[in-house]
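J.: Before anything else, here's the structure in question.
The values are calculated or read from the model by the stated rules, or taken from the named source; none is laboratory data. A quick note: this is a predicted structure, and the numbers were derived from the prediction, not measured. In this analysis, Cβ positions are derived from the backbone assuming ideal geometry, glycine residues included, and neighbour counts consider all displayed protein chains. For accessibility, only protein heavy atoms count, side chains too; no ligands or nucleic acids. Shrake-Rupley method; radii C 1.70, N 1.55, O 1.52, S 1.80 Å.
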Amino acid sequence: MSLPKRIIIVGGGIVGLAAAYQMGRRFPSARLTLLEKEAATGRHQSTHNSGVLHAGLYYKPGSAKARLAVAGLQQMIAFCDENGIPHEICGKLVVATDDSELARLHELHRRGEANGLSGLRLLRREEMLEIEPHVGGLAALRVPQEGIVDYAAVCAALERKVSARGDKIVTRARARRMRLRNHTWLVETAAGEFEGDFLVTCAGLFSDRVARSAGADSGVRIVPFRGEYYAIRPDRRHLVHNLIYPVPDPSFPFLGVHFTRLIHGGIEAGPNAVLALAREGYRKTDFALRDVLDALTFPGLWRFLGKHPRMCWSEQRRSFSKRLFCEALQRLVPEIQPGDLSAGGAGVRAQAMSPDGELVQDFHLLNREQALHVINAPSPAATASLAIGDVIAAAVDGGAC
Ligand SMILES: Cc1cc2nc3c(=O)[nH]c(=O)nc-3n(C[C@H](O)[C@H](O)[C@H](O)COP(=O)(O)OP(=O)(O)OC[C@H]3O[C@@H](n4cnc5c(N)ncnc54)[C@H](O)[C@@H]3O)c2cc1C
């Protein structure tokens, strides 16, 4: 197929925006139209997250996550520098709090080195206290390349770049039905019908449904996991200098509740990971019948719950108990007390799950005729977004995906 002249992108989160930006650079003569269902871009995961620049420590060597986090971090830092976007490479500590976590900490160190991270350092307790004087635990891994950033500002800068090229960003344009007729895509939206030669979908929490509406079913289902945060009281913020993370449970794709310094000031603790009753349900009480039915009729969810009953139950209990939440945090910073925490925001992770109840760990893109669907782009996809955008542009160009 010749290079597409008109490209339609569905979804204006950081991945859709970065894809539009990278395609605009790669195909100067193409005309792009980005369709976003909300009144503005970047309203969901891309601005409801921890604001961390991940360096690629955790991911299986050779996986797309490992490759694209490492490459994407460098691209993101350069993009922030060029566009005056607030960011800071402050480094992070991953803390082992008992003997069982020490072996996993060493394994993370090996993984990080295999993924090409430099400057990683295993620290004894005295050494970690020099960096974070209030931290608990036995030993830590210092990851100097990690940092914090304003992802809302990244989305805004990407949007400006895309618009400055003359490409269209259409908001309040929920894509409903997408058909390929005579080599032309027809996308019906709430804001009218759009035509294109190539379709890219990056619909985050609706990635599976949007891809299915375009005739592409990969068999996986998006299961929404809400992540709730607490804010640390101003007079207790001195307990955390930068980023303090636990050693993650390898059977679970989320990193465990951690402490994050925010780029515009303040410290947050979280996020936990509870099943959400609505794909865009930021409050505990949010409920969407279609989303619940979708989840309950998916055999993968039942298999997942059967495999991880304890973890799911304890996350659920912790969501309703500040004391339990605080106990998890005290493993990292023993001095933190429930009274130091006030309710913060929340985000909902779009996590793809297979019918056998496994969480899809890696980024997952689906190639179809004149179309590419981003099905799974969980953390660290904000960090890696520019590199994911490059992969999408290369795939549209006919290159490897
Ligand atoms: C709690 C939490 C913490 C995280 N922390 C980090 C972190 O610290 N660092 C990091 O790198 N990553 C982090 N992530 C992951 C990161 O935020 C996501 O991987 C990334 O934002 C995904 O971007 P996206 O564009 O795919 O999705 P989204 O930002 O969700 O964008 C998808 C867009 O598609 C639109 N859309 C959906 N359906 C339609 C339709 N039918 N028509 C038109 N538009 C549609 C939506 O409105 C939305 O704007 C975190 C995520 C969460 C939830």
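J.: I'd like to verify a number: residues in region 175-200 that are under 21 Å from A350 (Cα atoms), crowded, with 17+ Cβ neighbours inside 10 Å and within 8 Å of the ligand (Cβ to nearest atom), how many?
T.: Of the residues in that region, 1 qualify.
J.: Which number in (1) in contact with an Asp or Glu (Cβ under 9 Å, 6 or more places away or on another chain); (2) outside any helix (DSSP H, G or I); (3) within 13 Å of the ligand (Cβ to nearest atom) marks the one condition that N49 misses?
T.: Against the list (1) in contact with an Asp or Glu (Cβ under 9 Å, 6 or more places away or on another chain); (2) outside any helix (DSSP H, G or I); (3) within 13 Å of the ligand (Cβ to nearest atom), N49 comes up short only on (1).
J.: Let me ask something additional. Return the residues of region 223-279 that are among the hydrophobic types (A, V, I, L, M, F, W, C) and without any contact (Cβ under 8 Å) to a residue 24 or more places away in the chain; say none if nothing qualifies.
T.: L277
J.: Next question. Examine region 29-39 for a residue that is open to solvent by 50 Å² or more (accessible area, probe 1.4 Å) and in contact with a helix residue (DSSP H, G or I) (Cβ under 8 Å, 6 or more places away or on another chain), and state whether such a residue exists.
T.: no
J.: A further question on this structure: Say we look at region 87-102 and pick out the residues that are in contact with a strand residue (DSSP E or B) (Cβ under 9 Å, 6 or more places away or on another chain) and over 19 Å from V240 (Cβ atoms); which of these is least open to solvent (accessible area, probe 1.4 Å)?
T.: For region 87-102, the residue satisfying everything is E101.
J.: Moving to a separate point now. If I filter region 12-22 down to residues being within 9 Å of the ligand (Cβ to nearest atom) and open to solvent by 10 Å² or more (accessible area, probe 1.4 Å), which single residue comes out as nearest to A173 (Cα to Cα)?
T.: Among residues in region 12-22 that are within 9 Å of the ligand (Cβ to nearest atom) and open to solvent by 10 Å² or more (accessible area, probe 1.4 Å), the one nearest to A173 (Cα to Cα) is G13.
J.: Are any of the residues in region 352-361 out of contact with any Ser or Thr (no Cβ under 8 Å at 6 or more places or on another chain), open to solvent by less than 20 Å² (accessible area, probe 1.4 Å) and within 16 Å of the ligand (Cβ to nearest atom)?
T.: yes
J.: Turning to a different aspect of this structure: What strands (runs of 3 or more DSSP E), lying completely within region 171-285, carry at least 1 residues that are out of contact with any strand residue (DSSP E or B) (no Cβ under 7 Å at 6 or more places or on another chain)?
T.: The strands (runs of 3 or more DSSP E) meeting that bar are 175-181, 192-196.
J.: Going residue by residue through region 385-401, is there one that turns out to be over 30 Å from N182 (Cβ atoms), modelled with pLDDT of 95 or more, touching an Asp or Glu at 6+ places or on another chain (Cβ under 9 Å) and within 11 Å of the ligand (Cβ to nearest atom)?
T.: no
J.: What do you reckon, is L289 open to solvent by 50 Å² or more (accessible area, probe 1.4 Å) and aliphatic (A, V, I, L, M)?
T.: yes
J.: If you don't mind, another one. Go through region 156-166 and give me each residue that's charged (D, E, K, R) and buried (at least 20 other Cβ atoms within 10 Å of the Cβ).
T.: E159
J.: Next question, about the same structure. Could you list all residues from region 103-155 that are at negative phi, assigned to a loop (DSSP other than H, G, I, E, B) and either more than 16 Å from the ligand (Cβ to nearest atom) or open to solvent by less than 10 Å² (accessible area, probe 1.4 Å) (or both)?
T.: S118, L120, E132, P133, H134, V135, G136, L138, P144, E146
J.: Restricting to region 23-46, and then to whatever is in contact with a Cys (Cβ under 7 Å, 6 or more places away or on another chain) and either among the polar types (S, T, N, Q) or at pLDDT below 95 (or both), can you tell me which residue is nearest to the ligand (Cβ to nearest atom)?
T.: Of everything passing the filter in region 23-46, S46 is nearest to the ligand (Cβ to nearest atom).
J.: Something else now. Here is a list: F254, F259. Which entry is within 14 Å of the ligand (Cβ to nearest atom), open to solvent by less than 30 Å² (accessible area, probe 1.4 Å) and modelled with pLDDT under 95?
T.: Just a single option satisfies the conditions, and that option is F254.
J.: Oh, and also: Please go through region 280-300 and give me each residue that is in contact (Cβ under 8 Å) with a residue 12 or more places away in the chain and either over 17 Å from G347 (Cβ atoms) or hydroxyl-bearing (S, T, Y) (or both), ordered by number.
T.: Within region 280-300, Y282, V292, D294, A295, F298, P299, G300 qualify.
J.: Further question: Can you name every residue in region 315-342 that is at pLDDT 95 or above and among the acidic types (D, E)?
T.: Correct list: E327, E335, D340.
J.: Confirm whether S100 is at pLDDT below 95 and assigned to a helix (DSSP H, G or I).
T.: Against the criterion (at pLDDT below 95 and assigned to a helix (DSSP H, G or I)), S100 qualifies.
J.: Follow-up question, since we're still on this one. Go over the candidates G62, G56 one by one and state the one that is in a loop (DSSP other than H, G, I, E, B), surrounded by 24 or more Cβ atoms within 10 Å (Cβ to Cβ) and not aliphatic (A, V, I, L, M).
T.: G56
J.: Considering only region 382-391, I want to know if a residue exists there that is among the polar types (S, T, N, Q), buried (at least 18 other Cβ atoms within 10 Å of the Cβ), in contact with a Ser or Thr (Cβ under 9 Å, 6 or more places away or on another chain) and within 29 Å of V210 (Cα to Cα).
T.: Looking through region 382-391, at least one residue is among the polar types (S, T, N, Q), buried (at least 18 other Cβ atoms within 10 Å of the Cβ), in contact with a Ser or Thr (Cβ under 9 Å, 6 or more places away or on another chain) and within 29 Å of V210 (Cα to Cα).
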